[in-house]
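First up is the structure itself, then whatever we jot down about it.
The values are calculated or read from the model by the stated rules, or taken from the named source; none is laboratory data. Note that this is a predicted model, so its numbers are computed, not measured. Virtual Cβ from ideal backbone geometry, glycine too; neighbours counted across all protein chains shown. Side chains are part of the model used for accessible areas, which takes the heavy atoms of the whole protein and leaves out ligands, DNA and RNA. Shrake-Rupley method; radii C 1.70, N 1.55, O 1.52, S 1.80 Å.
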Amino acid sequence: MARRRQLYEGKAKILFEGPEPGTLVQYFKDDATAFNAQKKGTITGKGVLNNRISEFLMTKLAEINVPTHFIRRLNMREQLIKEVEIIPVEVVVRNIAAGSLAQRLGIPEGTRLPRSIVEYYYKNDQLGDPMVAEEHITAFGWATPPDMDDIVHLTLRINDFLTGLFLGVGITLVDFKLEFGRLYENEDMRIVLADEISPDNCRLWDVKTNEKMDKDRFRRDLGKIEEAYQEVARRLGILPEAGSRDMKGPETMQ
Ligand code: UDP
């Protein structure tokens, strides 16, 4: 098969031209970066796990009618997605204080927030993804007020659904980052969930021990990074058993 044309290379993924117009192939790398790419490394097998985890979560979200860019997984490291126009805003949802919120506001990590908080960051590596308000987003035309209504509504539904899904397998969803895009179909435009949902862009803690099962293990040099990502996949019931391609359902924790 002819090699596909590469359209874009990001820190953790590469986008290739898809087999049909309006589609792209998203390739998951093992590369990891943190602190605005000042820290770089490789997490062996991360791409394979994130491809599976993101497939699983996007498929579950589609089942509750959250529109996503995901079409199907092609192989261990690639998935077919719909081509969308990415809105240059990172949407962060927080349930428990951690990371930059804990630092900026001096709230001890692990404090449950009085309610879920949605924050926006302007996607711009040169500026270090600065936090912005909805006012900036609509004033500068990155998204319209109706786009933002859809984004907030979808984000809160995704948070409720994923919080429950992870809790069912003994994992606390502390916070996570989403990206949305505009999907043009005939005359219509829809806001859809894009990018990926994986331990690279979620904080996931074991319910019983609060042990970190996400990229913070890389950011903070805690070790056992591959094992943590594998454990997330295993609990979700999507880690292929050795010698078998069978995918089991989620393992419910008591
Ligand atoms: N996040 C992300 N990409 C970014 C920034 C944050 O995926 O460029 C995710 C991060 O993994 C965490 C959440 O968004 O789950 C909140 O991150 P925070 O603002 O605390 O920043 P960080 O501590 O990651 O710098």
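Some points to look at:
- For residue 72: the one exception among (1) touching a Phe, Trp or Tyr at 6+ places or on another chain (Cβ under 9 Å); (2) away from the ligand (no atom under 16 Å from the Cβ); (3) under 27 Å from residue 234 (Cβ atoms); (4) of a type in the set (Lys, Arg): (1)
- Selection from the stretch 112-163 of residues that are aliphatic (A, V, I, L, M) and more than 24 Å from residue 64 (Cβ to Cβ): 127, 131, 132, 133, 137, 139
- Being more than 16 Å from the ligand (Cβ to nearest atom), open to solvent by 40 Å² or more (accessible area, probe 1.4 Å) and free of Cβ contacts under 8 Å to residues at least 24 places away in the same chain holds for only one residue in 59, 111, and it is 59.
- Answer residue from the stretch 173-194, given it is open to solvent by 20 Å² or more (accessible area, probe 1.4 Å) and touching a residue at least 40 places away in the same chain (Cβ under 8 Å) and is nearest to residue 95 (Cα to Cα) among those: 177
- Residue match in the stretch 121-132 (condition: under 30 Å from residue 19 (Cβ atoms) and touching a strand residue (DSSP E or B) at 6+ places or on another chain (Cβ under 8 Å)): yes
- Matching residues, the stretch 120-158, being at negative phi, in a loop (DSSP other than H, G, I, E, B), touching a residue at least 12 places away in the same chain (Cβ under 8 Å) and open to solvent by less than 70 Å² (accessible area, probe 1.4 Å): 124, 133, 142, 143
- Output for the stretch 16-37, where each listed residue is away from the ligand (no atom under 16 Å from the Cβ) and either crowded, with 18+ Cβ neighbours inside 10 Å or part of a strand (DSSP E or B) (or both): 16, 17, 18, 23, 24, 25, 27
- If you check 43, 107 for being at pLDDT 95 or above and under 18 Å from the mean Cα position of the chain (by Cα), only one passes: 43.
- Some residue of the stretch 161-168 being on the phi < 0 side of the Ramachandran plot, touching a Leu at 6+ places or on another chain (Cβ under 8 Å), away from the ligand (no atom under 16 Å from the Cβ) and not in a helix (DSSP H, G or I): no
- Residue in the stretch 49-56 that is buried (at least 18 other Cβ atoms within 10 Å of the Cβ), in contact with an Asp or Glu (Cβ under 7 Å, 6 or more places away or on another chain), within 25 Å of residue 224 (Cβ to Cβ) and among the β-branched types (Val, Ile, Thr) present: no
- Residue in the stretch 224-238 that is among the charged types (D, E, K, R) and open to solvent by less than 20 Å² (accessible area, probe 1.4 Å) present: no
- Flag for residue 120 being within 16 Å of the ligand (Cβ to nearest atom) and of a type in the set (Ser, Thr, Tyr): yes
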